[in-house]
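The structure appears below as structure tokens.
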Amino acid sequence: MTVSVRLPRVLTETVGSGPRHEVTGRTLSEVLENLFTAEPGLKGHLLDETGRIRPHVLMFVDATRADLETPIRDGSDVQILQAVSGG
Amino acid sequence: MKRIAVGTEKGAYLLTGSDSSWAVEGPLFPGWKVTAFGETPDGTHLAGVGSNWFGIGVHRSNNLSDWAQTDSPPAWPEGSERTMEQIWAFHSDGERLWAGVAEAGLFTSGDGGLTWDPVPGLNEHRTRDEWSPGFGGLCTHRILTAGDRVWVGISAVGCFRSDDGGITWEAKNVGIPSVDTPEGAEPPEIGYCIHGLAQDPTDPARLWRQDHRGMFRSTDGGDHWERIEDGLPAGFGFVIWRHHDTGRLLTVPLHSDANRVPVDGRLRAYASDDEGDSWKIAGTGWPDAAQFTGVLRGAFDGDESGVFCFGTTGGKLWLTEDTGESWRELEPAFPRIAAIRILG
């Protein structure tokens, strides 16, 4: 399955990558692992030490809130957002 | 021409200039807190950044304008119950790079900050389960080295020293009042809220310590500490910094732990020219108007030419170019300032 992953600007500027990545995977977890292979610097920004999605990071698959087990279909749109919080 | 790197709650800024003319570049790292600056043994610049949402990062640069994030910042092992919250300090001993972090830990790098190894003798110290955070969190925020001796400051745990290059560690807090022990009780091994550390590099056994409970000095490498507050308006504060050419010590006192602003709003650096025996207001130029602001431990730096600078929690910079004899406030106003680095 090949999907498109969109990143928030604060992360693309930090790792020096483009806003959109074409990645393969059957679940969101596999998609992220393949994304981290291409952009290792993203892993610690998206997952915490326990391997879970950081509390203030939101991930959507085809506009539906997703978790690491969410299945991916070919052509899915994965969007990663920063939760709106803080001052 | 000097450059001053300013790390704030909202990105970093770079000031270039001298005297009355300073150009401001930035923000660098927009959207990120910039909590520490450093240099690798080969002179590459480092910035430690953090985010309430995205964790921490280490960036490297050869020119202070173009930065690249490393792929492997200090990290606790996957599955760890500890979280990597902030990079508090970088320190180069000339060969290795050290990083102090929160949740409290110490890491070293032998490749200029590209990869990091934990220091298990400290991170897994036998007292670790009893470590408690201060108001700023549980953090390793100060690192000093002299040969095989290494000192760190951990809040609210205390000063630790290694005599074997970081393999084994002992707490060094005799003479310091604990923050969590009633008066008259047996002094504990840990439970001390150290805020800052400075050292005489020509005699590394001579140390100065701004602690939560006051200003202290050691002449035996930290084995014993004595209070040195003659002339200070308050013992509380975060900064202790030493100008090595002259031996001048500088601090910025704050009222107290419950009231972390200058006494009566009188923002002043204080200097000691007698190893801490006595203190006086450092030079002139201080504002008449009250400044209800603080100065954090990483927000004071200087160089051997006598340029010293500190930043406040209110986002203002104060500068002297004559070893602290005359001070002035620089424009513009920045977000809350956590880190200052003077660069040649």
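Derivation of every value follows stated rules applied to the coordinates shown; laboratory data play no part. These numbers were taken from a predicted model, which means no experiment stands behind them.
Here is the link list: A:LYS43/B:LYS33; A:LYS43/B:LYS172; A:LYS43/B:LYS10; A:LYS43/B:LYS316; B:LYS2/B:LYS316. Which ones come out longer than 28 Å on Cα distance? Before the final figure, lay out the partial values.
Numbers: A:LYS43/B:LYS33 19 Å; A:LYS43/B:LYS172 37 Å; A:LYS43/B:LYS10 22 Å; A:LYS43/B:LYS316 35 Å; B:LYS2/B:LYS316 18 Å.
Over 28 Å apart, Cα to Cα: A:LYS43/B:LYS172; A:LYS43/B:LYS316.
In whole angstrom, how far apart do the alpha carbon centroids of segment B:94-163 and segment A:30-67 sit?
29 Å
Determine the calculated [θ] at 222 nm for chain B from helices alone, applying -39500 (n - 2.57) to every DSSP H run no shorter than 4 residues and normalising by the residue count; nearest 500 deg cm²/dmol.
Values: 1 runs with 4 residues, N = 344.
Helices in chain B give a 222 nm mean residue ellipticity of 0 deg cm²/dmol.
Restricted to Cα positions, what overall size does segment B:1-147 have along the principal axes? Three whole-Å values, descending.
52, 35, 28
When chain B is modelled as a GNM with alpha-carbon springs shorter than 10 Å, which of B:GLY314, B:GLY43, B:GLY324 fluctuates the most?
B:GLY43
Helix A:28-38 versus the longest principal axis of chain A: what is the Cα-based angle in degrees, 0 to 90, to the nearest 10?
So the helix axis and the longest Cα principal axis differ by about 70 degrees.
Taking 8 Å as the Cα distance limit and 6 or more residues as the minimum spacing, I'd like the relative contact order of chain B as a percentage.
Numbers: 975 pairs, mean separation 40.8, N = 344.
Relative contact order for chain B comes out at 12 percent.
Cα gyration tensor of segment B:130-252, axes a ≥ b ≥ c as square roots of the eigenvalues: rounded (a/c below 1.5), prolate (a/b > b/c) or oblate? Display every interim value, and only then the final one.
Working: a/c = 1.59, a/b = 1.10, b/c = 1.44.
Verdict is oblate for segment B:130-252.
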